[in-house]
Amino acid sequence: MIRKVSLLFAGALMGATAMSAIYGTAGSMANAAASDTYRQLAIFGDIFERVRAQYVTPPEDKELVESAINGMLTSLDPHSSYLNAEDAKDMRVQTKGEFGGLGIEVTMENELVKVITPIDDTPASRAGVLAGDLISQIDGENVRGLTLSDAVDKMRGAIDTSIELTILREGASEPIKLTIVRDIIKVKAVKYRVENDVGYMKITSFTEKTFDDLNSAIEEIESEVPDDKLKGYVLDLRLNPGGLLDQAVSVSDAFLDRGEIVSTRGRDPKDITRFDSRPGDLIGGKPLIVLVNGGSASASEIVAGALQDHRRAAVVGTRSFGKGSVQTIIPLGENGALRLTTALYYTPAGVSIQGKGITPDIKVDQPLPDELLGRDVSRGESDLPGHIKGTEESEEGSGSSAYVPPDPEDDLQLNYALDLLRGEKTDPAFPPNPDQAVLQQ
């Protein structure tokens, strides 16, 4: 490897020498830059060979190379990374919003996988899996010692393949064994319900299915509540880590009739891409409140920022995470993919939220339960080592508490929004005045 790098280095020098005769000083500068680059690559090759030959235990070449690549990328910012073939496949599954699996929402409890709920009309629900079941074995392998991620990977798989779960159920005298055949599981990106006279919609992530799920949720809510009785909508983006940019644009467009939604700006000052809304508001101009907190990041901040700047919705909650960078996924064939930060995005007012976050129109803090007091649940982009410094990053930074109570009755932010929509509370920021839209001129 060292010899190969040296040959490349020599070839680069010969090429640079020939070019300098044509380009003069500019060629000399390019020559110097190339020389330094290839010298650094030669150092890398030397270290790589020494590690292979002399490290106390023989390392895997593939792992060394992957670690070196990731080290290079993570030194740029927290969101650039290398995805090997398996990681790239997992990412495609997540953004697609469907996978081969069983159809259960799970967590970890006492080193066992606990079923939060089986999803309706899925293999798990049809096989008789119940909420509260503890999965102790997967295909005869003990769950103890596995991470939740490892257990989930084992339960996912190709459709029409079977899996055996050993379940511990309260009240059952002995473990229950269930054989379940995997099927396509479509993850709902939008959960909704009717709060008497208000439509509530929670977007959990921005996948390929998010806009379609949102459209269906609006139609279902309208079918349940007569138009003259419907006071408005709550769009809950709390704990939403983001996802696909095009879906964030489509969700914003669902509530806007005109104007810019977001722009992205790359390394070249001229490299600006703008995304504009089209005529048509899916909720017919009904009042809208957007909920955000420290867990609202990236695509969810695009939506909140667009609706806030256009004064289409009032943003309620606490400061969002502040991830204002765009990652481009560059396929590398069978070698996986490169996730590289290529631009920053800006709200319609021309404001970058990188390291700053979306400041709500109406701040409503959510108290933490006793068991979370003293824990760090309010980290933002500005707290991440190596984050890209935002042009308008403030001293207080970005992020806030990322906690949402499981019981809606304890959810102060949601209940504040409901009271505003019903007129039981008033605030100068609600309803927002579209004539006061803060847009880039």
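The table for this structure:
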item: So T318, is it surrounded by 17 or more Cβ atoms within 10 Å (Cβ to Cβ), under 22 Å from T264 (Cβ atoms) and either basic (K, R) or modelled with pLDDT of 95 or more (or both); result: no
item: Residues of the stretch 394-410 that turn out to be touching a strand residue (DSSP E or B) at 6+ places or on another chain (Cβ under 9 Å) and of a type outside the set (S, T, Y), as a count; result: 2
item: Top-ranked residue of the stretch 128-177 - restricted to ones that are small (G, A, S) and surrounded by 16 or more Cβ atoms within 10 Å (Cβ to Cβ), ranked as farthest from N110 (Cα to Cα); result: A151
item: When residues of the stretch 397-437 are limited to those that are in contact (Cβ under 8 Å) with a residue 24 or more places away in the chain and acidic (D, E), the one surrounded by the most Cβ atoms within 10 Å (Cβ to Cβ); result: D411
item: Test for I116: is it among the β-branched types (V, I, T), surrounded by fewer than 16 Cβ atoms within 10 Å (Cβ to Cβ) and in contact with a Ser or Thr (Cβ under 9 Å, 6 or more places away or on another chain); result: yes
item: Failed item in (1) of a type outside the set (F, W, Y); (2) buried (at least 18 other Cβ atoms within 10 Å of the Cβ); (3) farther than 30 Å from V93 by Cα, with K363 passing the rest; result: (2)
item: Every residue from the stretch 207-235 that is farther than 27 Å from V93 by Cβ and among the polar types (S, T, N, Q); result: S223
item: Any chance P348 is of a type outside the set (F, W, Y) and touching a residue at least 24 places away in the same chain (Cβ under 8 Å); result: yes
item: Among (1) out of contact with any Ser or Thr (no Cβ under 8 Å at 6 or more places or on another chain); (2) part of a strand (DSSP E or B); (3) over 26 Å from L420 (Cβ atoms) - the single one V234 does not satisfy; result: (3)
item: Options I283, I289, I302: the member that is out of contact with any Pro (no Cβ under 7 Å at 6 or more places or on another chain) and either part of a loop (DSSP other than H, G, I, E, B) or not assigned by TED's automatic domain parsing to the domain that holds S352 (or both); result: I283
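The values are calculated or read from the model by the stated rules, or taken from the named source; none is laboratory data. All of these numbers come straight from a predicted model, not from anything done at the bench. Glycine gets a Cβ as well: all are built from the backbone with ideal geometry, and neighbour counts include every protein chain shown.
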